[in-house]
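Just so it is clear, none of the values below were taken in a lab; they were calculated from the coordinates. Values in this document were obtained by computation on a predicted structure and should not be read as measured data. When we count neighbours, we look across all protein chains shown, and the Cβ atoms used for this are built from the backbone with ideal geometry, even at glycine.
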């Protein structure tokens, strides 16, 4: 049976994938930190909104998902077509596939710390060089 | 209580940290795949040996650890001093700190697939530029 955090985390991804921004505060703590930097819920929401604006086909696909009572770990697979630059690489609408290995620390049912690493090297290999 | 895979995974890290190479086959499948490529146990062992040779102070520190019956997810913290280049960066013995977000898929009690991402950007920020 799925642990409570797995259910909660899948609901968070569904919230992102459906761009239900008004519901994001159910899943994300007010003082959320991203890769060691406290950015807060508003900046976190804005960053996700900006991503969907520059990546119209953004979708979070779960490849591997593990959780205990406090931490969720997920390997996410993406096949997306970012406009312009992405991670400093000139993607310009090309379809790229890559993964993210990400850990989420929960407190009181909300994500308080995200530790994310993206496979930028995979994207480098796919981006057409001039 | 720790799940059986957590116990097994911690023993694997202890095997690495103590460079007990003859015991590695207890933890790693003969046909192990690393980031999607089947490399096999011998090449996997050799790669780890080579790392310890070029990084004399290599040590695997667990920051976050989660597991279910089939998958282990770990965020590992490193503070190490690689000789020469590391990930294509001129580290040359400088002490660097970075993390790895890594997933391990187990079958029959051994790791069959590793999905690893290293925080190369963190190292880039630390390496002294000429």
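Radius of gyration (Cα atoms) of the stretch A:36-130, expressed as a multiple of 2.2 N^0.38 Å: 1.17. Go ahead and collect, in residue order, the members of the stretch A:87-130 whose backbone nitrogen is under 18 Å from a label point 7 Å along the Cα-Cβ direction of residue B:125. A:87-89, A:101-103, A:113-121, by backbone N distance to the label point.
Out of every Cα-Cα pair in the protein assembly as shown, what percent are more than 32 Å apart? Let's see the in-between values first.
Values: 8811 of 33670 pairs.
Here the tail beyond 32 Å accounts for 26 percent of pairs.
Label zone (residue B:57, point 7 Å along Cα-to-C-beta; backbone nitrogen cut-off 14 Å) within the stretch B:79-108: B:79-84, B:92-98.
Give me a single rounded figure for B:42-49: the average over its residues of other chain Cβ atoms within 10 Å of their Cβ. Can you show the working numbers first?
Details: counts 0, 0, 0, 0, 0, 0, 0, 0.
Mean partner-chain Cβ count within 10 Å for B:42-49: 0.
In nanometers and ordered shortest first, the copy-to-copy spacing of the residue B:20 label point, defined 7 Å from Cα toward Cβ, is 4.9.
Taking Cα pairs under 8 Å and at least six residues apart, what relative contact order does chain B come out at, in percent?
23 percent
Count, for each residue of B:15-23, the Cβ atoms from other chains sitting within 10 Å of its Cβ, then give me the mean as a whole number. If you can, show how the numbers build up before the last one.
Details: counts 0, 0, 0, 0, 0, 0, 0, 0, 0.
That works out to 0 on average.
Placing a label point 7 Å from Cα along the Cα-to-Cβ direction at residue B:77 gives distances to the equivalent points in the other copies of 3.3 nm, listed shortest first.
For residue B:51, the point set 7 Å out from Cα toward Cβ sits 2.7 nm from its twins in the other copies, listed from shortest up.
What shape does the stretch A:30-90 have by the C-alpha gyration tensor, where a ≥ b ≥ c are the square roots of the eigenvalues, rounded means a/c under 1.5, and otherwise prolate means a/b greater than b/c and oblate the rest? Kindly include the intermediate steps, with their values, before the conclusion.
Numbers: a/c = 2.24, a/b = 1.25, b/c = 1.79.
Taking the square roots of the gyration eigenvalues as a ≥ b ≥ c, the stretch A:30-90 is oblate.
Neighbour counts of other Cβ atoms within 10 Å put B:76, A:87, B:5 in the fewest-to-most order A:87, B:76, B:5.
Using only alpha carbon pairs under 8 Å that are at least six residues apart, calculate the relative contact order of the stretch B:1-76 and give it in whole percent. Provide the component values of the computation, followed by the final result.
On the way: 71 pairs, mean separation 24.8, N = 76.
Contact order relative to length: 33 percent.
Ordered by the number of other Cβ atoms lying within 10 Å of each residue's own Cβ, fewest first, A:115, A:21 fall into the sequence A:21, A:115. Among the residues of B:62-75, the average count of other protein chain beta-carbon atoms within 10 Å of the residue beta-carbon is 5.
Modelled spin labels at residue B:116 and residue A:21, positioned 7 Å past Cα toward Cβ, are 4.0 nm from each other. Placing a pseudo-label 7 Å from each Cα along the Cα-to-Cβ vector at residue A:85 and residue B:43 gives an inter-label distance of 3.5 nm.
Starting with the fewest neighbours, write out B:97, A:54 ranked by other beta-carbon atoms found within 10 Å of each beta-carbon. All intermediate terms of the calculation are to be shown ahead of the outcome.
Working: B:97 12, A:54 15.
The most exposed by this proxy come first: B:97, A:54.
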